[in-house]
Amino acid sequence: MTSSPDTSQAFTPLDPATVVQRKPAPLVEWVEVEGEVVAYNEETQDLHLLDPIASLIFQLCDGIATLSETTTDLAQAFDQPAEVITRDVDACLANLLALGLVEVVA
Amino acid sequence: MTALDLVQQDTVLPQMLSACQGKLDESRPWHTILAVRTGPVIVGVRADTAETSAWLESALEPVRAREFDGKVWPNFSVTLGSQSRRESLMLVYHDHEIVGRRRERRALLGDLVELLDEGPRLLQSDRVIVHASAIWGSGGQVLLIPGTLHTNVLMRRSQLEDAGLHVGLSRTQVVDLSSLTVTMGCVDPALAELDSSPAKSSDDQSLRLHTWCVPATGDQIFDLRAPEAMVAVAGMVLNRYVLGMGTTLRGLAGAMREIRVATLPPLSTGALAATMIELVASMG
(Lines give C-alpha, C1' and ligand atoms only; values in the text may rest on other atoms or scores of the structure.)
Protein backbone atom coordinates (compact mmCIF):
# COMPACT_ATOMS: atom_id res chain seq x y z
CA MET A 1 0.00 0.00 0.00
CA THR A 2 1.24 3.50 -0.70
CA SER A 3 -0.01 6.77 0.64
CA SER A 4 -0.84 9.96 -1.21
CA PRO A 5 1.26 10.96 -4.22
CA ASP A 6 4.45 12.79 -3.26
CA THR A 7 4.33 16.22 -4.84
CA SER A 8 7.87 17.15 -3.80
CA GLN A 9 9.53 15.14 -6.57
CA ALA A 10 10.71 16.70 -9.84
CA PHE A 11 8.27 16.30 -12.73
CA THR A 12 7.69 17.46 -16.27
CA PRO A 13 4.73 19.86 -16.53
CA LEU A 14 1.89 18.56 -18.68
CA ASP A 15 0.57 20.45 -21.69
CA PRO A 16 -2.48 22.54 -20.63
CA ALA A 17 -4.46 20.87 -23.43
CA THR A 18 -3.80 17.42 -21.99
CA VAL A 19 -6.82 15.33 -21.08
CA VAL A 20 -6.37 12.78 -18.31
CA GLN A 21 -8.75 9.97 -17.41
CA ARG A 22 -9.05 7.58 -14.52
CA LYS A 23 -8.30 4.04 -15.68
CA PRO A 24 -11.59 2.15 -15.81
CA ALA A 25 -12.53 -0.85 -13.69
CA PRO A 26 -11.33 -3.50 -13.37
CA LEU A 27 -7.93 -1.97 -14.16
CA VAL A 28 -8.43 0.49 -11.32
CA GLU A 29 -11.06 0.01 -8.65
CA TRP A 30 -11.69 2.86 -6.27
CA VAL A 31 -14.02 4.06 -3.57
CA GLU A 32 -14.28 7.31 -1.65
CA VAL A 33 -14.35 7.12 2.13
CA GLU A 34 -14.80 10.30 4.13
CA GLY A 35 -13.40 12.47 1.36
CA GLU A 36 -10.37 10.30 0.66
CA VAL A 37 -10.00 7.84 -2.18
CA VAL A 38 -8.81 4.29 -1.73
CA ALA A 39 -7.73 3.04 -5.15
CA TYR A 40 -6.55 -0.40 -6.26
CA ASN A 41 -4.31 -0.91 -9.25
CA GLU A 42 -5.06 -4.34 -10.69
CA GLU A 43 -1.82 -4.45 -12.65
CA THR A 44 0.49 -3.84 -9.70
CA GLN A 45 -1.96 -5.19 -7.09
CA ASP A 46 -1.25 -2.16 -4.93
CA LEU A 47 -3.73 -0.27 -2.78
CA HIS A 48 -3.29 3.50 -2.64
CA LEU A 49 -4.71 5.94 -0.13
CA LEU A 50 -5.01 9.42 -1.64
CA ASP A 51 -5.20 12.52 0.55
CA PRO A 52 -8.22 14.83 0.13
CA ILE A 53 -6.59 17.06 -2.51
CA ALA A 54 -5.23 14.15 -4.56
CA SER A 55 -8.63 12.48 -4.21
CA LEU A 56 -10.31 15.55 -5.66
CA ILE A 57 -7.90 15.74 -8.60
CA PHE A 58 -8.26 11.99 -9.21
CA GLN A 59 -12.02 12.35 -9.40
CA LEU A 60 -11.73 15.30 -11.79
CA CYS A 61 -9.83 13.11 -14.25
CA ASP A 62 -12.97 12.40 -16.25
CA GLY A 63 -11.41 12.08 -19.71
CA ILE A 64 -13.31 15.16 -20.92
CA ALA A 65 -11.92 18.33 -19.33
CA THR A 66 -8.49 19.59 -20.33
CA LEU A 67 -5.84 20.21 -17.70
CA SER A 68 -6.29 23.95 -18.25
CA GLU A 69 -10.03 23.75 -17.58
CA THR A 70 -9.51 21.66 -14.49
CA THR A 71 -6.92 23.99 -12.97
CA THR A 72 -9.10 27.02 -13.73
CA ASP A 73 -12.02 25.38 -11.90
CA LEU A 74 -9.81 24.51 -8.93
CA ALA A 75 -8.25 28.00 -8.80
CA GLN A 76 -11.71 29.54 -8.56
CA ALA A 77 -12.90 26.98 -6.02
CA PHE A 78 -9.88 27.45 -3.74
CA ASP A 79 -9.44 31.15 -4.49
CA GLN A 80 -5.77 30.64 -5.34
CA PRO A 81 -3.60 31.96 -8.22
CA ALA A 82 -3.87 29.69 -11.28
CA GLU A 83 -0.08 29.24 -11.51
CA VAL A 84 0.07 27.86 -7.98
CA ILE A 85 -2.78 25.46 -8.63
CA THR A 86 -1.29 24.43 -11.98
CA ARG A 87 2.02 23.51 -10.34
CA ASP A 88 0.33 21.42 -7.65
CA VAL A 89 -2.02 19.71 -10.11
CA ASP A 90 0.88 18.90 -12.44
CA ALA A 91 2.82 17.37 -9.60
CA CYS A 92 -0.13 15.34 -8.40
CA LEU A 93 -1.01 14.09 -11.87
CA ALA A 94 2.59 13.09 -12.51
CA ASN A 95 2.39 10.86 -9.46
CA LEU A 96 -1.03 9.47 -10.31
CA LEU A 97 0.31 8.63 -13.77
CA ALA A 98 3.38 6.98 -12.24
CA LEU A 99 1.13 4.94 -9.94
CA GLY A 100 -0.87 3.80 -12.98
CA LEU A 101 -4.16 5.10 -11.63
CA VAL A 102 -4.83 7.53 -14.50
CA GLU A 103 -3.84 7.77 -18.17
CA VAL A 104 -3.47 10.53 -20.76
CA VAL A 105 -6.17 10.17 -23.41
CA ALA A 106 -5.64 13.39 -25.42
CA MET B 1 -25.79 -23.41 -6.88
CA THR B 2 -23.49 -22.23 -4.12
CA ALA B 3 -19.86 -21.17 -4.27
CA LEU B 4 -18.88 -24.54 -2.84
CA ASP B 5 -20.56 -26.31 -5.75
CA LEU B 6 -18.00 -24.72 -8.05
CA VAL B 7 -15.12 -26.45 -6.29
CA GLN B 8 -14.12 -29.74 -7.82
CA GLN B 9 -15.37 -32.59 -5.72
CA ASP B 10 -12.88 -34.80 -3.91
CA THR B 11 -10.03 -32.31 -3.94
CA VAL B 12 -7.31 -33.82 -1.77
CA LEU B 13 -5.82 -31.12 0.47
CA PRO B 14 -2.06 -30.94 -0.14
CA GLN B 15 0.51 -30.48 2.60
CA MET B 16 3.51 -28.18 2.76
CA LEU B 17 6.62 -30.28 3.37
CA SER B 18 9.06 -28.69 5.82
CA ALA B 19 11.79 -29.51 8.31
CA CYS B 20 9.34 -28.95 11.16
CA GLN B 21 6.87 -31.34 9.56
CA GLY B 22 9.65 -33.89 9.21
CA LYS B 23 10.45 -33.62 12.92
CA LEU B 24 6.83 -34.21 13.87
CA ASP B 25 6.64 -37.18 11.49
CA GLU B 26 9.70 -38.76 13.14
CA SER B 27 8.78 -37.86 16.73
CA ARG B 28 6.65 -40.98 17.24
CA PRO B 29 5.17 -43.89 15.32
CA TRP B 30 1.95 -42.67 13.72
CA HIS B 31 -1.01 -44.85 12.90
CA THR B 32 -2.92 -45.00 9.63
CA ILE B 33 -4.00 -41.66 8.17
CA LEU B 34 -7.79 -41.46 8.06
CA ALA B 35 -9.31 -39.73 5.05
CA VAL B 36 -12.10 -37.32 6.03
CA ARG B 37 -14.51 -35.48 3.76
CA THR B 38 -15.08 -31.82 4.61
CA GLY B 39 -17.30 -30.22 2.00
CA PRO B 40 -15.72 -30.97 -1.40
CA VAL B 41 -12.26 -31.37 0.14
CA ILE B 42 -10.63 -34.55 1.43
CA VAL B 43 -8.18 -34.14 4.32
CA GLY B 44 -6.04 -36.59 6.28
CA VAL B 45 -6.17 -37.06 10.07
CA ARG B 46 -3.79 -39.31 11.95
CA ALA B 47 -3.26 -40.33 15.59
CA ASP B 48 -0.30 -41.39 17.68
CA THR B 49 -1.75 -44.50 19.33
CA ALA B 50 -4.07 -47.32 18.37
CA GLU B 51 -6.52 -46.16 21.03
CA THR B 52 -6.57 -42.61 19.71
CA SER B 53 -6.89 -43.84 16.15
CA ALA B 54 -9.87 -45.99 17.14
CA TRP B 55 -11.49 -43.03 18.90
CA LEU B 56 -10.99 -40.85 15.81
CA GLU B 57 -12.39 -43.58 13.58
CA SER B 58 -15.50 -43.69 15.74
CA ALA B 59 -15.90 -39.95 16.24
CA LEU B 60 -15.39 -39.05 12.59
CA GLU B 61 -17.42 -41.98 11.21
CA PRO B 62 -20.10 -39.76 9.55
CA VAL B 63 -17.50 -37.87 7.50
CA ARG B 64 -15.04 -40.67 6.78
CA ALA B 65 -14.00 -41.13 3.13
CA ARG B 66 -12.42 -44.59 3.25
CA GLU B 67 -11.96 -44.72 -0.50
CA PHE B 68 -9.26 -42.05 -0.05
CA ASP B 69 -7.31 -43.84 2.70
CA GLY B 70 -3.73 -44.09 1.53
CA LYS B 71 -4.16 -41.12 -0.83
CA VAL B 72 -4.23 -38.25 1.68
CA TRP B 73 -1.56 -36.27 3.50
CA PRO B 74 -1.39 -36.05 7.31
CA ASN B 75 -2.93 -32.56 7.38
CA PHE B 76 -4.00 -33.00 10.99
CA SER B 77 -2.39 -35.01 13.78
CA VAL B 78 -4.04 -35.85 17.09
CA THR B 79 -2.41 -37.03 20.31
CA LEU B 80 -4.56 -38.00 23.28
CA GLY B 81 -1.78 -39.50 25.39
CA SER B 82 -2.03 -42.89 27.05
CA GLN B 83 -3.65 -44.14 30.23
CA SER B 84 -0.35 -43.67 32.05
CA ARG B 85 -0.26 -40.06 30.88
CA ARG B 86 -3.88 -39.31 31.67
CA GLU B 87 -3.09 -35.81 32.87
CA SER B 88 -1.17 -34.79 29.79
CA LEU B 89 -2.66 -32.31 27.36
CA MET B 90 -4.45 -33.59 24.29
CA LEU B 91 -3.17 -31.91 21.18
CA VAL B 92 -4.23 -31.22 17.61
CA TYR B 93 -1.58 -30.31 15.06
CA HIS B 94 -2.35 -28.65 11.74
CA ASP B 95 0.63 -29.73 9.66
CA HIS B 96 3.40 -29.26 12.26
CA GLU B 97 1.78 -26.46 14.26
CA ILE B 98 -0.09 -27.10 17.51
CA VAL B 99 -3.52 -25.53 17.03
CA GLY B 100 -5.56 -27.21 19.77
CA ARG B 101 -4.74 -27.97 23.42
CA ARG B 102 -7.39 -29.59 25.59
CA ARG B 103 -7.87 -31.87 28.58
CA GLU B 104 -11.21 -33.31 27.45
CA ARG B 105 -11.88 -35.43 24.37
CA ARG B 106 -15.24 -33.81 23.67
CA ALA B 107 -13.65 -30.37 23.58
CA LEU B 108 -10.80 -31.63 21.44
CA LEU B 109 -13.26 -33.08 18.92
CA GLY B 110 -15.03 -29.70 18.77
CA ASP B 111 -11.70 -28.06 18.03
CA LEU B 112 -10.86 -30.61 15.37
CA VAL B 113 -14.23 -30.15 13.67
CA GLU B 114 -13.73 -26.39 13.57
CA LEU B 115 -10.27 -26.85 12.10
CA LEU B 116 -11.50 -29.32 9.50
CA ASP B 117 -14.06 -26.73 8.49
CA GLU B 118 -11.35 -24.24 7.55
CA GLY B 119 -10.88 -25.79 4.09
CA PRO B 120 -14.43 -25.19 2.87
CA ARG B 121 -14.39 -21.74 4.47
CA LEU B 122 -11.46 -20.75 2.27
CA LEU B 123 -13.31 -21.95 -0.81
CA GLN B 124 -16.36 -19.81 -0.15
CA SER B 125 -16.49 -16.83 -2.43
CA ASP B 126 -19.75 -15.02 -1.72
CA ARG B 127 -18.58 -13.47 1.58
CA VAL B 128 -15.19 -12.23 2.70
CA ILE B 129 -12.88 -14.73 4.35
CA VAL B 130 -10.63 -13.00 6.84
CA HIS B 131 -7.34 -14.25 8.26
CA ALA B 132 -8.23 -13.44 11.85
CA SER B 133 -9.02 -14.97 15.21
CA ALA B 134 -12.43 -14.30 16.69
CA ILE B 135 -13.01 -13.50 20.36
CA TRP B 136 -16.37 -12.65 21.86
CA GLY B 137 -17.91 -12.06 25.25
CA SER B 138 -21.28 -12.62 26.79
CA GLY B 139 -22.63 -9.59 24.91
CA GLY B 140 -22.34 -11.54 21.69
CA GLN B 141 -20.17 -8.99 19.88
CA VAL B 142 -17.07 -10.16 18.09
CA LEU B 143 -13.52 -8.84 18.21
CA LEU B 144 -11.26 -9.86 15.31
CA ILE B 145 -7.50 -9.90 15.74
CA PRO B 146 -4.79 -10.73 13.17
CA GLY B 147 -4.53 -14.44 12.40
CA THR B 148 -0.79 -14.25 12.98
CA LEU B 149 -1.57 -13.92 16.71
CA HIS B 150 -3.80 -16.98 16.77
CA THR B 151 -1.27 -19.24 18.48
CA ASN B 152 -0.64 -16.59 21.16
CA VAL B 153 -4.36 -16.40 21.86
CA LEU B 154 -4.68 -20.18 22.13
CA MET B 155 -1.87 -20.26 24.67
CA ARG B 156 -3.99 -17.99 26.89
CA ARG B 157 -7.30 -19.60 26.04
CA SER B 158 -7.98 -20.77 29.59
CA GLN B 159 -7.31 -17.30 30.98
CA LEU B 160 -9.63 -15.74 28.43
CA GLU B 161 -12.37 -18.30 29.09
CA ASP B 162 -12.05 -17.70 32.84
CA ALA B 163 -12.71 -14.04 32.09
CA GLY B 164 -15.91 -14.97 30.23
CA LEU B 165 -14.49 -14.65 26.74
CA HIS B 166 -14.99 -17.23 24.00
CA VAL B 167 -12.23 -17.98 21.51
CA GLY B 168 -12.90 -19.34 18.05
CA LEU B 169 -10.43 -22.01 17.08
CA SER B 170 -10.40 -21.25 13.37
CA ARG B 171 -7.84 -18.78 12.06
CA THR B 172 -10.20 -17.78 9.27
CA GLN B 173 -13.54 -16.09 9.78
CA VAL B 174 -16.45 -15.70 7.40
CA VAL B 175 -17.66 -12.09 7.54
CA ASP B 176 -20.82 -10.76 5.93
CA LEU B 177 -20.04 -7.10 5.26
CA SER B 178 -23.65 -6.14 4.57
CA SER B 179 -24.99 -7.37 7.90
CA LEU B 180 -21.64 -7.01 9.72
CA THR B 181 -21.91 -10.50 11.15
CA VAL B 182 -19.28 -13.16 11.69
CA THR B 183 -20.44 -16.70 11.04
CA MET B 184 -19.19 -18.92 13.82
CA GLY B 185 -20.82 -22.18 12.79
CA CYS B 186 -19.54 -24.84 10.41
CA VAL B 187 -19.86 -24.27 6.67
CA ASP B 188 -20.10 -28.00 6.13
CA PRO B 189 -23.42 -29.37 7.53
CA ALA B 190 -21.92 -32.85 7.95
CA LEU B 191 -19.22 -31.45 10.22
CA ALA B 192 -21.73 -29.32 12.10
CA GLU B 193 -23.58 -32.51 13.09
CA LEU B 194 -20.41 -33.83 14.71
CA ASP B 195 -19.89 -30.68 16.71
CA SER B 196 -22.77 -31.02 19.15
CA SER B 197 -21.03 -29.62 22.21
CA PRO B 198 -23.34 -27.67 24.55
CA ALA B 199 -21.38 -24.47 23.91
CA LYS B 200 -22.57 -24.49 20.33
CA SER B 201 -26.13 -23.37 20.07
CA SER B 202 -28.08 -22.02 17.16
CA ASP B 203 -27.96 -18.60 18.80
CA ASP B 204 -24.23 -18.17 18.42
CA GLN B 205 -24.00 -19.04 14.76
CA SER B 206 -23.93 -15.45 13.67
CA LEU B 207 -22.46 -12.74 15.88
CA ARG B 208 -22.21 -9.00 15.38
CA LEU B 209 -18.79 -7.66 14.40
CA HIS B 210 -17.84 -4.80 16.71
CA THR B 211 -14.07 -4.30 16.67
CA TRP B 212 -11.50 -5.26 14.04
CA CYS B 213 -7.85 -5.14 15.15
CA VAL B 214 -5.20 -4.87 12.45
CA PRO B 215 -1.45 -5.52 12.74
CA ALA B 216 0.68 -2.52 13.66
CA THR B 217 4.38 -1.90 14.16
CA GLY B 218 3.91 0.84 16.76
CA ASP B 219 3.84 0.40 20.50
CA GLN B 220 0.29 1.33 21.37
CA ILE B 221 -3.30 0.75 20.37
CA PHE B 222 -5.13 3.54 18.56
CA ASP B 223 -8.23 3.78 16.40
CA LEU B 224 -7.79 4.20 12.67
CA ARG B 225 -9.66 6.67 10.50
CA ALA B 226 -12.05 4.99 8.08
CA PRO B 227 -9.89 5.37 4.92
CA GLU B 228 -6.79 4.00 6.65
CA ALA B 229 -8.87 1.29 8.31
CA MET B 230 -10.13 0.18 4.92
CA VAL B 231 -6.63 -0.23 3.54
CA ALA B 232 -5.52 -2.11 6.66
CA VAL B 233 -8.41 -4.56 6.79
CA ALA B 234 -8.29 -5.18 3.03
CA GLY B 235 -4.92 -6.83 3.57
CA MET B 236 -6.54 -9.39 5.90
CA VAL B 237 -9.21 -10.47 3.40
CA LEU B 238 -7.94 -13.73 1.93
CA ASN B 239 -10.36 -14.00 -0.99
CA ARG B 240 -10.21 -10.34 -2.10
CA TYR B 241 -8.98 -11.32 -5.55
CA VAL B 242 -11.63 -14.03 -5.90
CA LEU B 243 -14.41 -11.62 -4.95
CA GLY B 244 -12.87 -8.80 -6.96
CA MET B 245 -11.21 -5.81 -5.33
CA GLY B 246 -14.04 -3.49 -6.38
CA THR B 247 -16.61 -5.61 -4.56
CA THR B 248 -14.32 -5.97 -1.57
CA LEU B 249 -13.57 -2.23 -1.35
CA ARG B 250 -17.22 -1.23 -1.65
CA GLY B 251 -18.18 -3.73 1.04
CA LEU B 252 -15.45 -2.55 3.35
CA ALA B 253 -16.32 1.12 2.76
CA GLY B 254 -19.79 0.49 4.12
CA ALA B 255 -18.51 -1.55 7.04
CA MET B 256 -16.00 1.08 8.11
CA ARG B 257 -18.83 3.43 9.05
CA GLU B 258 -20.23 0.92 11.53
CA ILE B 259 -17.31 -0.80 13.24
CA ARG B 260 -14.25 0.18 15.23
CA VAL B 261 -10.86 -0.58 13.69
CA ALA B 262 -7.87 -0.43 16.03
CA THR B 263 -4.19 -1.12 15.56
CA LEU B 264 -2.68 -3.95 17.58
CA PRO B 265 1.08 -3.75 18.22
CA PRO B 266 3.24 -6.81 18.98
CA LEU B 267 2.50 -7.92 22.57
CA SER B 268 3.58 -10.74 24.86
CA THR B 269 0.96 -13.46 25.25
CA GLY B 270 0.06 -12.18 28.72
CA ALA B 271 -0.28 -8.59 27.58
CA LEU B 272 -2.27 -9.73 24.56
CA ALA B 273 -4.73 -11.64 26.78
CA ALA B 274 -5.11 -8.65 29.09
CA THR B 275 -5.68 -6.41 26.10
CA MET B 276 -8.33 -8.74 24.68
CA ILE B 277 -10.17 -8.77 28.01
CA GLU B 278 -10.08 -4.97 28.14
CA LEU B 279 -11.16 -4.54 24.52
CA VAL B 280 -14.10 -6.95 24.84
CA ALA B 281 -15.16 -5.24 28.07
CA SER B 282 -15.12 -1.89 26.29
CA MET B 283 -17.51 -3.20 23.64
CA GLY B 284 -20.30 -3.18 26.20
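The values are calculated or read from the model by the stated rules, or taken from the named source; none is laboratory data. Only a predicted model underlies this, so the values are computations on that prediction, with no experimental measurement involved. Note that each Cβ is placed from the backbone with ideal geometry, even for glycine, and that neighbours are counted across all protein chains shown.
Given (1) of a type in the set (A, V, I, L, M, F, W, C); (2) under 25 Å from B:G254 (Cβ atoms); (3) modelled with pLDDT of 90 or more, identify the lone condition not met by A:M1.
(3)
Search the range A:12-70 for residues being in contact with a strand residue (DSSP E or B) (Cβ under 6 Å, 6 or more places away or on another chain), more than 10 Å from chain B (Cβ to nearest Cβ) and of a type in the set (A, V, I, L, M, F, W, C), and hand back the single one that is farthest from B:T248 (Cα to Cα).
Checked the range A:12-70; the qualifying residue farthest from B:T248 (Cα to Cα) is A:A17.
Which residue pairs have Cβ atoms under 7 Å apart, sit 6 or more places apart or on different chains, and have a first residue in the range B:241-254 that is at the interface with chain A (Cβ under 9 Å from one of its Cβ atoms) and part of a helix (DSSP H, G or I) and a second that is crowded, with 18+ Cβ neighbours inside 10 Å and basic (K, R)?
B:T248/B:R240
Can you tell me how many residues within the range B:88-103 are farther than 16 Å from B:V45 by Cβ, outside any strand (DSSP E or B) and modelled with pLDDT of 80 or more?
Final tally of qualifying residues: 2.
Do the conditions hold for B:V233, that is, is it farther than 17 Å from B:V167 by Cβ, within 14 Å of chain A (Cβ to nearest Cβ), crowded, with 16+ Cβ neighbours inside 10 Å and touching a helix residue (DSSP H, G or I) at 6+ places or on another chain (Cβ under 8 Å)?
It is true that B:V233 is farther than 17 Å from B:V167 by Cβ, within 14 Å of chain A (Cβ to nearest Cβ), crowded, with 16+ Cβ neighbours inside 10 Å and touching a helix residue (DSSP H, G or I) at 6+ places or on another chain (Cβ under 8 Å).
Conditions first: (1) buried (at least 19 other Cβ atoms within 10 Å of the Cβ); (2) out of contact with any helix residue (DSSP H, G or I) (no Cβ under 9 Å at 6 or more places or on another chain). A:C92 passes all but one, so which condition is the exception?
(2)
Restricted to the range B:78-87, and to residues that are more than 11 Å from B:L34 (Cβ to Cβ) and crowded, with 21+ Cβ neighbours inside 10 Å, which residue is modelled with the lowest pLDDT?
It comes out as B:L80.
Within the range B:255-274, take every residue that is touching a residue at least 12 places away in the same chain (Cβ under 8 Å) and part of a helix (DSSP H, G or I) and give me the one that is farthest from the other protein chains (Cβ to nearest Cβ).
It comes out as B:G270.
Can you tell which of B:V142, B:V128, B:V175, B:V153 is at pLDDT 90 or above and within 12 Å of the chain's Cα centre (by Cα)? Give the derivation first.
Numbers: B:V142 fails: within 12 Å of the chain's Cα centre (by Cα); B:V128 fails: within 12 Å of the chain's Cα centre (by Cα); B:V175 fails: within 12 Å of the chain's Cα centre (by Cα).
Selected residue: B:V153, the only one of B:V142, B:V128, B:V175, B:V153 that is at pLDDT 90 or above and within 12 Å of the chain's Cα centre (by Cα).
What residue, among those in the range A:18-53 that are in a loop (DSSP other than H, G, I, E, B) and among the polar types (S, T, N, Q), is farthest from B:R240 (Cα to Cα)? Reasoning before the result, please.
If we filter the range A:18-53 for residues that are in a loop (DSSP other than H, G, I, E, B), which is where we start, we get A:18, A:23-27, A:34-35, A:42-45, A:51.
The next check asks that each one be among the polar types (S, T, N, Q); those that pass are A:18, A:44-45.
Values: A:T18: 35, A:T44: 15, A:Q45: 11 Å.
Filtering first and then ranking leaves A:T18.
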